[in-house]
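Heads up: the structure comes next, in structure tokens.
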Amino acid sequence: MNKIFAIVCSLCYCLIATAQVGTWRNFLAYHDIQQICKANNQLFVLASNDLYQYNLDDQSIITYDKVNGLNDTHITHIAWNQKAKRLIAVYKNSNIDLIGTNGDIINISSLYTKSMTEDKTVTAISIDDVYAYLTTSFAIIKLNMLKAEITETYTKNNPDYPTDLHPYKDDYEQYISTVEKLNPGGPAYNRFYESKFINDKLYTTGGYFLPAMPDDALPGTIQVFDGNEWELYQEQIDKITGFRYVDICCVDVDPHDPEHVFAGGRCGLYEFKNGKLVTYYNKDNSPLMSANDRGTILGNDYVIVLGILFDAKGSLWVLNSLAQGVSLLELTSDHQWISHHHTELEKENGITADGLLKMMFDSRGLLWFVNNYWNTPALFCYDTNQDIILKYDKIVNQDGTKYDIYHINNIAEDKEGNIWAVTDVGPFMIQQSEIGQSNVTFYQIKVPRNDGTNYADYLLSGVDISSIAIDGGNRKWFGSNGAGVFLISADNMQQEENFTTDNSNLLYNNISSIAINQKSGEVFFLSDKGLCSYMSNAVAPNEEMTKGSVNVYPNPVTPDFTGMVTITGLSYDADVKITTASGAVVAEGRSNGGMFNWDCRNQQGKRVASGVYMIITATSDGNKGTVGKIAVIN
């Protein structure tokens with residue numbers, strides 16, 4: 001064993017500590033304190049509809065989420081039962097968890113799963129002896145917290161219907177001064193809309209503007225995660241500008257200054273430095289125009305900026321929706337404004353389309369964005385050098401089928417140069433060979449049924465796809481409205497995953513945005529109710545493989561390790577072989593982007609014997625790569 005360790009120490013591979021492939025993380029807010037329940041020497045705290053536990057003796061904090069045992073999200077009520085020595089946590093959807101101070105959790109899902117037309121929402125909890133009485137509009141439910149079972153349901157016509165229940169009185173007043181000083185971590189808010197991974201940081205916005213719902217505004221929010229800590233950008237900007245600061249939906253970072261950030265929303269464009277407001281742009285100090293609502297100019301509370309994007313030279317491109325004669329603007333690095341307005345971006349009477357957003361530069365330097373408004377959905381391609389814009393608003397696939405869609409939700413470019421547009425009826429692809437043409441085919445991938453027939457189905461046809469991201473292995477991650485997350489293989493032929501709240505630790509099935517840390521493979525899923533992530537098995541590839549760039553972890557593999565050995569720093573689609581010292585192949589395959597995983601088993605599915613194994617790599621075209629070693633200890 002000592003010999004193996006000595007060999008390992010001599011390897012050129014770097015040792016990296018990282019999360020295991022297949023693990024989940026939740027990033028929940030604990031900002032708004034709602035209830036506090038004392039449980040002997042512990043405090044259970046409900047904050048921002050999430051739960052944590054504070055030890056009054058050693059001041060330790062434990063946060064609860066789906067990753068470490070909770071069975072749902074968005075808790076509405078908690079109550080401690082001293083006789084049963086358990087906390088009851090009731091969720092918005094009427095699911096129930098019973099939690100001990102030692103972290104043991106028992107789920108009672110019968111109310112949640114019960115099929116009924118009446119409203120099952122729990123509005124109050126009463127505690128008596130070992131029982132919890134849950135008040136709903138249709139009945140009072142008696143739950144034995146010691147036996148963890150519902151024992152009775154009292155409808156209002158039941159002669160035993162309880163009339164003398166006293167709502168649970170928590171310990172908020174006694175312990176709020178203590179809890180206010182605690183820092184359980186996490187973001188400040190659970191509302192997330194758009195995201196971008198830039199400079200090893202996740203930038204998120206908290207809201208969006210719906211033209212049909214102008215009064216349903218969300219407070220302006222920008223939250224940034226650096227992998228360890230969260231930064232909340234300046235709030236209550238309305239007190240500085242005199243105009244509302246709401247529905248911040250887009251954000252981007254200056255490529256020449258990582259602390260120089262812009263954001264757009266319902267009320268204009270905001271410039272930040274080190275998280276603090278520098279300049280507010282509106283109709284009074286810029287070419288931006290207020291929304292024109294059927295002839296009425298709405299003022300600076302409706303200067304609608306739903307899309308922004310920096311180019312490589314440091315110019316900021318800005319989309320101004322519902323404006324008269326203004327649509328696409330460029331703010332140069334020396335703060336000069338240039339208009340790139342085109343009539344193709346207008347809907348009628350010179351007024352710009354309602355929902356211009358989701359900007360992206362492709363590998364050719366073409367600027368893409370969409371109009372997501374249901375009445376006039378369209379995809380745009382703009383050549384910034386030639387000042388030529390192409391509008392695609394006729395969605396016809398390769399079989400001549402025409403689609404009447406309501407929303408083009410997002411766009412992305414894959415590793416082969418194809419452009420993907422995701423819609424409320426599924427994903428479409430513009431092939432690389434057609435890009436730049438005035439008319440294009442919205443190609444739908446045909447997936448063979450493999451049932452002995454020649455039939456095939458269009459990929460995710462009919463699924464309302466809200467978001468898309470391409471990982472280092474050219475796999476497509478699709479977020480949906482209602483159906484969770486889909487992972488599609490690089491060749492588009494295989495559905496590798498469909499994560500939902502029922503089969504995974506995904507927080508919500510409605511996904512507004514997906515962002516990928518291409519260095520680690522961590523995939524972030526955003527919703528208006530929370531943020532979570534999944535550690536995938538693909539990272540961005542290296543152009544060249546060298547011993548200095550290729551990393552293996554864990555190394556050595558210890559007897560208690562049952563996960564996947566991860567090899568990173570590979571070139572795209574690299575060929576990888578794991579062999580014995582004598583050259584016998586025990587495992588082989590291709591990298592996902594720049595990553596390869598090995599389960600420490602041979603080709604017969606058995607764990608390999610203790611020893612040192614060779615890692616031999618080659619590029620996708622057969623050129624020699626690198627050779628390294630990994631030690632396995634049983």
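The values are calculated or read from the model by the stated rules, or taken from the named source; none is laboratory data. Quick caveat: nothing in here was measured; it's all calculated off a predicted structure. When we count neighbours, we look across all protein chains shown, and the Cβ atoms used for this are built from the backbone with ideal geometry, even at glycine. These area figures cover heavy atoms from the full protein model, side chains too; ligands, DNA and RNA do not enter into them. Shrake-Rupley method; radii C 1.70, N 1.55, O 1.52, S 1.80 Å.
Cβ-Cβ contacts under 8 Å between residues 6 or more apart (or on different chains), taken from a first residue in the range 604-624 that is part of a loop (DSSP other than H, G, I, E, B) to a second residue that is crowded, with 18+ Cβ neighbours inside 10 Å and small (Gly, Ala, Ser), are listed as Thr619/Ser571; Thr619/Ala574; Thr619/Gly625; Ser620/Ser571; Ser620/Ala574.
Could you go through the range 445-457 and let me know if any residue there is closer than 21 Å to Ala378 by Cβ and free of Cβ contacts under 8 Å to residues at least 60 places away in the same chain. Before the answer, list the steps.
To start, the set of residues in the range 445-457 that are closer than 21 Å to Ala378 by Cβ comprises none.
The answer is no, given that none of the residues of the range 445-457 is closer than 21 Å to Ala378 by Cβ and free of Cβ contacts under 8 Å to residues at least 60 places away in the same chain.
When residues in the range 144-159 are screened for being under 36 Å from the mean Cα position of the chain (by Cα) and open to solvent by 70 Å² or more (accessible area, probe 1.4 Å), 1 of them pass.
Residues to consider are Leu506, Leu526; find the one that is open to solvent by less than 30 Å² (accessible area, probe 1.4 Å), part of a loop (DSSP other than H, G, I, E, B) and under 14 Å from Phe478 (Cα atoms).
That would be Leu506, the only listed residue that is open to solvent by less than 30 Å² (accessible area, probe 1.4 Å), part of a loop (DSSP other than H, G, I, E, B) and under 14 Å from Phe478 (Cα atoms).
Counting only strands (runs of 3 or more DSSP E) that sit completely within the range 355-397, zero hold 3 or more residues that are open to solvent by 30 Å² or more (accessible area, probe 1.4 Å) and within 20 Å of Lys415 (Cα to Cα).
Quick one: in the range 553-588, which of the residues that are open to solvent by less than 20 Å² (accessible area, probe 1.4 Å) and among the small types (Gly, Ala, Ser) is farthest from Gly521 (Cα to Cα)? It comes out as Ala587.
Residues checked against (1) touching a Ser or Thr at 6+ places or on another chain (Cβ under 9 Å); (2) assigned to a strand (DSSP E or B); (3) touching a residue at least 60 places away in the same chain (Cβ under 8 Å); (4) surrounded by fewer than 15 Cβ atoms within 10 Å (Cβ to Cβ):
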position: Cys37; (1), (2), (3), (4): no, yes, yes, no
position: Leu51; (1), (2), (3), (4): yes, yes, no, no
position: Tyr54; (1), (2), (3), (4): yes, yes, yes, no
position: Asp57; (1), (2), (3), (4): no, no, no, yes
position: Thr76; (1), (2), (3), (4): yes, yes, no, no
position: Ala79; (1), (2), (3), (4): yes, yes, yes, no
position: Lys83; (1), (2), (3), (4): no, no, yes, yes
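Please verify whether Asn68 is open to solvent by 40 Å² or more (accessible area, probe 1.4 Å) and not aromatic (Phe, Trp, Tyr), treating the condition exactly as stated. Steps first, answer last, please.
Working: open to solvent by 40 Å² or more (accessible area, probe 1.4 Å): yes; not aromatic (Phe, Trp, Tyr): yes.
So Asn68 fits the description; yes.
Checking the range 198-208 against the condition returns a match, with at least one residue being over 30 Å from Gln35 (Cα atoms), of a type in the set (S, T, N, Q) and open to solvent by 50 Å² or more (accessible area, probe 1.4 Å). Taken as a whole, the range 127-143 holds no residue that is under 22 Å from Asn505 (Cα atoms) and either out of contact with any Pro (no Cβ under 6 Å at 6 or more places or on another chain) or open to solvent by 20 Å² or more (accessible area, probe 1.4 Å) (or both). Please find, among Asn68, Asn157, the residue that is without any contact (Cβ under 8 Å) to a residue 40 or more places away in the chain, closer than 24 Å to Val45 by Cα and in a loop (DSSP other than H, G, I, E, B). Just a single option satisfies the conditions, and that option is Asn68.
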